[in-house]
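Structure first, then comments.
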Amino acid sequence: MKTILYAHTGSGNHGCEALVRSTAKLLGNTPILFSTGYEEDLQFGIANIAKLERDTAVSIPRRSAAYVAAACQTKLTKGTRLFTKYAHKDLLDQVQRGDLCLSIGGDNYCYAGTEILGDLNTLFRKKGAKTVLWGCSIDPEALTPEMVKDLRRYDLITVREPLTQAALAVAGITTNVRSVADPAFLLDAQETDLPDRFLAGNTIGLNLSPLILHYTPKKEEALAGFHALVQHILDTTDSAIALLPHVVKTKSNDLEVLEPLFKQFENTGRVLLVPDQNCMRLKYIISQCRLFIGARTHATIAAYSTCVPTLVIGYSVKSKGIATDLFGTEENYVVPIQTIKSDTELISAFGWLEANAKTIKQHLQSVIPAYQEKAHIGRIYLDELTK
């Protein structure tokens, strides 16, 4: 039996990297990882923990004869499956009866391309493999009738927060669903040199992403709010501010919003831009922060799991669900990007975080060990599936 990880887009998204590393650690073996970001995974050392294979989907030129032929076949059959079989041929060729196939994208079912995930689920099962949707979050409004049929076909769905589990239950998907914590709560922190200007224990980490700006009609107001928040922290504290990118991919790069922020405040001597590095080193740097404010889910998981009081700039069910799981509520712990219409929302939320930091830290210290055990339970469910 082989364990195959797929629906992975590369370690330039350090959340994806964290999922691969923590899943491999949880499995206790060397899985086969099919990646559409092969070079990124080589760069960040994933070949040391997994057998790395290219996912051929990215190697088909969209204007090539092969692409056009496959697309025409797809239209003739009124579905995507023929194209999926062509685009992911190398992946499908490796799958055999009895193999375990884990879709590790986490929130992939929240975005476009779910029909391809559904095709792969069906094709793997036809070959006699077991399929798992691993550590997922799914927005309730994304649950179309077609997606519901697809999700029911998985042998196992592990959900990482209660809001997704509730949405699946409303859709009648329960028998193959199990509750876990995100595997990345188990990610190791790798000690590294702290960047210049970083004050251990007195630095506020800030992660922003261009992705969240797609979820608000008030983009300029939200950006102005982030700038006002940095100025407020400089005016009211003696902390340093570490701007920390967690995704550095071409089409979604946190530096797009962090670099202008850094340039505006660089001359203060208290704002720094953290250099890109692997997710374990980023987690260590986050662990040395006094407080953390983050938009990327796995940047905030790195903070939560090292007991750093954290404010999430949220845009979807996953941020709300994880906060609810940890604290019993999302209120005060998540600021939906859709609600940021001026600088007052962020400054007020930061004030609450700072005033309650000691209590939040104590709470995290008390719940994180059990929460990490909840992540370990995912391995038990996999063992039950393969017996």
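The values are calculated or read from the model by the stated rules, or taken from the named source; none is laboratory data. What you see is a predicted model, and the numbers here were worked out from it, not measured in a lab. Positions of Cβ are backbone-derived with ideal geometry, glycine not excepted, and every protein chain shown enters the neighbour counts. Remember, those area values only see protein heavy atoms, side chains included, never the ligands or the DNA or RNA. Shrake-Rupley method; radii C 1.70, N 1.55, O 1.52, S 1.80 Å.
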So the FRET efficiency between Q231 and Q362, C-beta based with R0 = 30 Å and rounded to 0.05, is 0.50
For the stretch 161-246, shape from the Cα gyration tensor axes a ≥ b ≥ c, cut at a/c of 1.5 then a/b versus b/c, turns out oblate
One would report the antiparallel percent of DSSP beta bridges in the chain, rounded to the nearest 5, as 5
Any aspartates and glutamates whose Cα falls less than 13 Å from that of K89, other than same-chain ones fewer than 8 residues away, would be E53, D55, D119
Residue-normalised value, i.e. accessible area per residue, for the chain at 1.4 Å probe, in Å², stands at 42
Reduced to Cα centres, the span from the stretch 187-257 to the stretch 261-289 in Å works out to 8
Straight-line reach check, K387, cutoff 16 Å on alpha carbons, 8 or more apart in-chain or any other chain, hits among lysines -> K2, K130
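Once a ≥ b ≥ c are taken as the square roots of the eigenvalues of the Cα gyration tensor of the chain, is the result rounded (a/c under 1.5), prolate (a/b larger than b/c) or oblate (a/b not larger than b/c)?
prolate
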HN-Hα couplings for the stretch 341-346 via Karplus (6.51, -1.76, 1.60; θ = phi - 60°), in whole Hz with x for Gly/Pro, come out as 10, 7, 7, 5, 4, 5
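Which GluC sites (Glu not before Pro) does the stretch 322-369 hold that lie in a coil by DSSP with at most 13 other beta carbons within 10 Å?
Listed in order of number, the matching sites are E331.
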Everything considered on the Cα gyration tensor (a ≥ b ≥ c; rounded for a/c under 1.5, else prolate if a/b is larger than b/c, else oblate), the stretch 206-313 must be described as rounded
Karplus-derived 3J(HN,Hα) from phi for the stretch 46-51 (6.51 cos²θ - 1.76 cosθ + 1.60, θ = phi - 60°), whole Hz, x at Gly and Pro, runs 5, 5, 7, 10, 8, 7
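What is the percent carbon and sulfur in the accessible area of the stretch 219-274, measuring with a 1.4 Å probe over the protein chains and ignoring ligands?
48
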Computed, not fitted: 222 nm per-residue ellipticity of the chain from DSSP H runs ≥ 4 (each -39500 (n - 2.57)), nearest 500, equal to -14000 deg cm²/dmol
For K218, counting only lysines whose alpha-carbon sits under 22 Å away and dropping same-chain residues fewer than eight positions off, the answer is K251, K318, K320, K341
In nm, the gap between the two label points placed 7 Å beyond Cα toward Cβ at W352 and T268 is 2.3
For the stretch 113-207, the accessible surface attributable to carbon and sulfur atoms (probe 1.4 angstrom, ligands and nucleic acids excluded) amounts in percent to 50
K218 and N202 label points (each 7 Å along its Cα→Cβ direction) are spaced in nm at 3.4
